[in-house]
Each structure stands twice: as structure tokens, then as C-alpha cells.
1. Report the Cα-based extents of segment 4-89 along its three principal axes, largest first, to the nearest Å.
2. Per q in 0.18, 0.21 Å⁻¹, report the Debye log10 I(q)/I(0) for segment 10-153, using one uniform scatterer on each alpha carbon and no solvent.
3. Please give, to one decimal in nm, the separation of the simple spin-label points placed at residue 43 and residue 109, each 7 Å out from Cα toward the Cβ.
4. Give the order of 16, 138 when sorted by the count of other beta carbons within 10 angstrom, beginning with the fewest.
5. Full-extension gain between residue 59 and residue 28, please, as 0.36 nm times their residue separation minus the C-alpha to C-alpha distance.
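Just so it is clear, none of the values below were taken in a lab; they were calculated from the coordinates. Remember, predicted model here, so these are calculated numbers, not experimental data. Every residue, glycine as well, gets a Cβ built from its backbone with ideal geometry; the counts of neighbours run over all protein chains shown.
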Ligand SMILES: [Zn+2]
């Protein structure tokens, strides 16, 4: 029995059988997400570092299909939810951040991309195959806010907000922000 999330697959075959993939995997299963969260948390003193942040579960459900508007191109759609540990850019304290994202991707060969994607991202297949986990990993990284913050300034730690000027915090470019910008450029 293979692992449909990790195994390399042919999207056309998956779409033929309307393959569904249930996801319930730890952050540590997603290489890039883990690296990005680790880099965000690296600014924390050791005593503030959340324990077990890699254990947090990514859950969701993905479905392969031939999309209604792109009949010849396999599509992968679904929802992803995970609560990650992040660092508030306003008060520089750790907090838990709920990430929810929808994934809508068309999977095609280089040069096959239809001009209009109707809200789908385009995922270029290297050799006709893909590992669904790579798409999920990238979708989660892209869903992370460039500048994570407590919902309101009231949620911020007093000591932290006292020590940090809010205007400066907004300007802070974390290593992750730079990575995300690179990814977005690459996706163009
Ligand atoms: Zn805060």
C-alpha cells in the first residue's frame, strides 16, 4: 500500500479515479514549512521557544479531478488547516497562529498552461509526475503571512510592545519574507 500524499503519481491517473487524499500529518513531514517555521522561531530566546511545534498537525482533504473548465488538465483542490507557532512582529513574543488555505492547482506540462486559470494556480510538472506533498508544502508556505502578528495590539505582550516601536516592526523583513518573495517571483 503506497502513501498517496508522498508517492510520486501521474496526475492524469489520479484525476481519472477522482483520488481523494486525507491529510493528517505533522509539520515535520513538510520539509519547507518546517524550515520556514524554524527560521521564524529562530529569533526567540531558547526559554521562549515553543515545545513540540513540529508536532502540530496539518489536516485537510485533497481531491484530484478534471476541473470543470479545463477538461484536459488534471486539477488538485482542497482545504488545509494547521496551527503554527509564530513570532508576533509587533511584540516579538511567540503566539499560535491558525493558518487556513484553499488549494486550487492545475497540473500540466511546461508550455501547456492555458492563458486563463480561473482562480487556479498553475503547477508545472517536471516529468509528468508530482508528489502531492510538495504541492501541499508550497501552499502552506505561501499561506503564511509575511508579517505575523497578534490579532490586535491588545494581544501583544506589554514588555515586548514597549521595547519595540510598532512602525519599526512593520518594516522588519524576516528571512521567511525574503523566501516568500522569491517563491512568488518564481511562480510568475
Ligand atoms: Zn504581539
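1. 52, 23, 17
2. Debye curve over Cα of segment 10-153, log10 I(q)/I(0) at q = 0.18, 0.21 Å⁻¹: -0.98, -1.20.
3. Spacing of the two 7 Å Cα→Cβ label points: 4.6 nm.
4. Details: 16 13, 138 19.
Result, fewest neighbours first: 16, 138.
5. Details: separation 31, 0.36 × 31 = 11.16 nm, distance 1.32 nm.
Length gained between residue 59 and residue 28: 9.8 nm.
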